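Peer 1: I'd like to ask some things about the structure below.
The values are calculated or read from the model by the stated rules, or taken from the named source; none is laboratory data. All values reported here derive from a predicted model rather than from experimental measurement. Note: ideal-geometry Cβ built from the backbone for every residue, glycine included; neighbour counts use all protein chains shown.
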Amino acid sequence: MHKRKLGQQGLEVSALGLGCMGMSYVYGHRDDAASINVLRRAVELGITFWDTAEVYGPFCNEQLLGRVLKEVPRQRLVLATKFAWRFGPHGREIGLDSSPAQVRRAIDGSLKRLGTDYIDLYYQHRLDPAVPIEETVGALAELVQQGKVRYIGLSEVGPGIVRRAHAVHPLSAVQSEFSLWERGVEDKLLPVLRELGIGFVAYSPMGRGFLAGKIRTPEDLEPCDWRRKNPRFLAENLSHNFRLVSMVNDIARAHDATPAQVALAWILGRGGDLVPIPGTKHLRYLEENAQAAGLKLSEEVWADLDRSVACFKVAGERYQEEALRFIDSTE
């Protein structure tokens, strides 16, 4: 697996990362044994940029990764985790809190659960409107000085917040949803990141698994799967959205690839400063995804796909209304 650089501060990661949220959180039942096998195999494949967060579980996803970290030389992995919420008894989310005091508490908790003495990339998971971004980034800068964090980033923020944060301490990466069915970052956010020399990490690069082509009805998901409540996966939207999968699948069949590989290769082709972090709990899919880094299609094929996607309007918001309020759109 080749490497890519995120930002201008020296952070180098595998070109394809591994989003670990679904191993412990929202996407159906957990299977820790299967997930550990995926993590071990990821190391063998060179997929060593792992993304987690304290809220995944909460806490248990970091603990899961910590079990594997005991087996792997720390320098082989690039660990990213995130903070944003304050938690009550039994891990109950109380609310957003990115105050400097909470940032300091959060990093110590993540370090303990992961079993490491530093985090490679530490993100603010969601913007806290009650705390100026300058105060939060100032606290993150202190963590860098202390050696607890190597690089810092933000998640789901608009260009205005990026500029203000970057002026306090250089950001290495901004993370947001980006895929063939969610391209909202292209017009305003990505140009600003490139102007400032900040890398971009694409989460849900396969449309929360939808672009892999295996989800045709809500019944294909476990009853406890969060996607059943996501607007794009509702029955009235899903059949319409599957037309996008068909476009991707046509290209995949013509080039002996999977739809997931096409979807990931499309992102990798948008620029060397973009890194997708697909997630999976299945070895087969991990190995298939890894091959996306080597998928080469002609410019004509990609141009045809772009034209088709540009003419297609996805049905449904990408989050439920209550979750959309956590997404910053500051210009």
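Peer 1: For residue 187, work out the one condition from (1) in a loop (DSSP other than H, G, I, E, B); (2) of a type outside the set (Lys, Arg); (3) under 17 Å from the mean Cα position of the chain (by Cα); (4) under 30 Å from residue 261 (Cα atoms) it doesn't fulfil.
Peer 2: The failed condition is (3).
Peer 1: Would you mind telling me which numbered condition in (1) surrounded by fewer than 23 Cβ atoms within 10 Å (Cβ to Cβ); (2) out of contact with any Ser or Thr (no Cβ under 6 Å at 6 or more places or on another chain); (3) β-branched (Val, Ile, Thr) residue 103 fails?
Peer 2: (1)
Quick grid of which residues meet (1) of a type outside the set (A, V, I, L, M, F, W, C); (2) farther than 19 Å from residue 36 by Cβ; (3) without any contact (Cβ under 8 Å) to a residue 60 or more places away in the chain:
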| residue | (1), (2), (3) |
| --- | --- |
| 70 | yes, no, yes |
| 75 | yes, yes, yes |
| 83 | no, yes, yes |
| 91 | yes, yes, yes |
| 95 | yes, yes, yes |
| 102 | yes, yes, yes |
| 105 | yes, yes, yes |
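Peer 1: As an exercise: evaluate residue 217 against (1) of a type outside the set (D, E, K, R); (2) under 24 Å from residue 30 (Cβ atoms); (3) surrounded by 13 or more Cβ atoms within 10 Å (Cβ to Cβ) and give the number of the one condition it does not meet.
Peer 2: (3)
Peer 1: Would you mind finding the one in 208, 228, 243 that is at pLDDT 95 or above, touching a strand residue (DSSP E or B) at 6+ places or on another chain (Cβ under 9 Å) and of a type in the set (Lys, Arg)?
Peer 2: Values: 228 fails: touching a strand residue (DSSP E or B) at 6+ places or on another chain (Cβ under 9 Å); 243 fails: touching a strand residue (DSSP E or B) at 6+ places or on another chain (Cβ under 9 Å).
The unique qualifying residue is 208.
Peer 1: I've got another one for you. Could you tell me whether segment 20-31 includes any residue that is of a type in the set (Phe, Trp, Tyr), in contact with a Lys or Arg (Cβ under 8 Å, 6 or more places away or on another chain) and in contact (Cβ under 8 Å) with a residue 12 or more places away in the chain?
Peer 2: Yes: segment 20-31 contains one or more residues that are of a type in the set (Phe, Trp, Tyr), in contact with a Lys or Arg (Cβ under 8 Å, 6 or more places away or on another chain) and in contact (Cβ under 8 Å) with a residue 12 or more places away in the chain.
Peer 1: Next up: Being of a type in the set (Asp, Glu) and farther than 22 Å from residue 247 by Cβ is the filter here, so list the residues in segment 266-323 that pass it.
Peer 2: 273, 287, 321, 322
Peer 1: Please enumerate the residues belonging to segment 191-233 that are of a type in the set (Val, Ile, Thr) and under 20 Å from residue 286 (Cβ atoms).
Peer 2: Correct list: 201, 215.
Peer 1: If you scan segment 135-152, which residues turn out to be hydrophobic (A, V, I, L, M, F, W, C) and farther than 15 Å from residue 167 by Cα?
Peer 2: Scanning segment 135-152 gives 143, 144, 149.
Peer 1: Now, a different point. Residues of segment 145-174 being under 22 Å from the mean Cα position of the chain (by Cα), within 16 Å of residue 110 (Cβ to Cβ) and either surrounded by fewer than 18 Cβ atoms within 10 Å (Cβ to Cβ) or not charged (D, E, K, R) (or both), which ones?
Peer 2: 149, 151, 152, 153, 155
Peer 1: Check 186, 156 and return the single one that is within 30 Å of residue 248 (Cα to Cα), of a type outside the set (Val, Ile, Thr) and in contact with a His (Cβ under 9 Å, 6 or more places away or on another chain). Don't jump to the end; show me each part of the working.
Peer 2: On the way: 186 fails: in contact with a His (Cβ under 9 Å, 6 or more places away or on another chain).
Testing whether each residue is within 30 Å of residue 248 (Cα to Cα), of a type outside the set (Val, Ile, Thr) and in contact with a His (Cβ under 9 Å, 6 or more places away or on another chain) leaves just 156.
Peer 1: Moving on to the next point. Restricting to segment 127-178, name every residue that is on the phi > 0 side of the Ramachandran plot and in contact (Cβ under 8 Å) with a residue 60 or more places away in the chain.
Peer 2: The answer is 156, and nothing else.
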